[in-house]
Amino acid sequence: MEKEVWLQNLTWQEVKQKTTQSKGTIILPIGSTEQHGYHLPVGTDTMVANSIAEDAAVKAGVLVAPPLWFGWSPHHMVLPGTITIRPELLIEILFDIIQSLHRHQFNRFILLNGHRIVNISWLQITAERAKRELGVKVAIFDPAYMSKKFDNQFGWGEVGHAEEIESSHMWHCYPNLVKMDRAQDNPHHHRRIYHVDPKYAGDTLSYVPSSSSEMKVLAKKSGGTAGEPSKASREGGQKYHEHLVKRLVEVIAFLWDETV
């Protein structure tokens, strides 16, 4: 099936037609450009967001906006290739994107976050502002939050960085960009009150990005990896991806429900 879902690939007439067909619904992939260990490309967060968005958009018949390749990544500046944008600027950029699309009859927005929990805070601020000022519907779709029911039969541990979850997903979506022979494990050590994985059932403090000194230790120890990419598998990545695409299609249907 030809994937005519990307806004940038269409003429304005085609966009207008598909806006009506999609009930004014559009997915906005939002990621980051930052180090991802020795084995994954710096565009990982945006790439996985793009893949989820594209496959769900094909199934649901909606459009996907050009991705936002930059996020809030100050803690990853210790390694080359990282680009970080201040959250106050990201809020304004994303709001302007939503406002521009709303001007042309889009009124249902899914902010598809590929940058884990770090992006969530400024996405929430932007989403609330858009709902309040523009009267639109906005949902934030985060893979970590939306995979709590994923059948993890692969021995994967907690959410980290460039770990087995991200590595498996990228291995499925972009196998030519993954260099698993270079992956360096850095197993999680259980901490009683500090976890970044939404699936963790115990009490936990909210996440605060690591300091430069903390990240330098991580960079020296594992090249920037937090987790065990050696546990990654293409099969697991495929099942994880299919789970997220299915859930995103369900979220689109949720936004179409006029009672919501």
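The values are calculated or read from the model by the stated rules, or taken from the named source; none is laboratory data. Predicted model, so just to flag it, every value in this text is computed and none were measured. Cβ: placed from backbone, ideal geometry, glycine included. Neighbour counts: every protein chain shown.
Data table
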quantity: Matching residues in segment 161-220 - criterion: being more than 23 Å from M146 (Cα to Cα), among the aliphatic types (A, V, I, L, M) and assigned to a loop (DSSP other than H, G, I, E, B); calculated: V178, A183
quantity: Subset of segment 123-164 [free of Cβ contacts under 8 Å to residues at least 24 places away in the same chain and under 15 Å from the mean Cα position of the chain (by Cα)]; calculated: Q124
quantity: Selection count, segment 142-160, where residues are in contact with a Pro (Cβ under 7 Å, 6 or more places away or on another chain) and in a helix (DSSP H, G or I); calculated: 1
quantity: Any hit, segment 140-157, residues being over 28 Å from Y38 (Cβ atoms), at pLDDT 95 or above and touching a strand residue (DSSP E or B) at 6+ places or on another chain (Cβ under 8 Å); calculated: yes
quantity: Of the criteria (1) at positive phi; (2) assigned to a helix (DSSP H, G or I), which one G224 fails; calculated: (2)
quantity: Filtered residues of segment 61-105 (kept if touching a residue at least 60 places away in the same chain (Cβ under 8 Å) and in a helix (DSSP H, G or I)); calculated: P74, H75, H76, L94, I97, I98, L101
quantity: Exclusive hit being among the β-branched types (V, I, T) and closer than 27 Å to L79 by Cβ, set V217, V245; calculated: V217
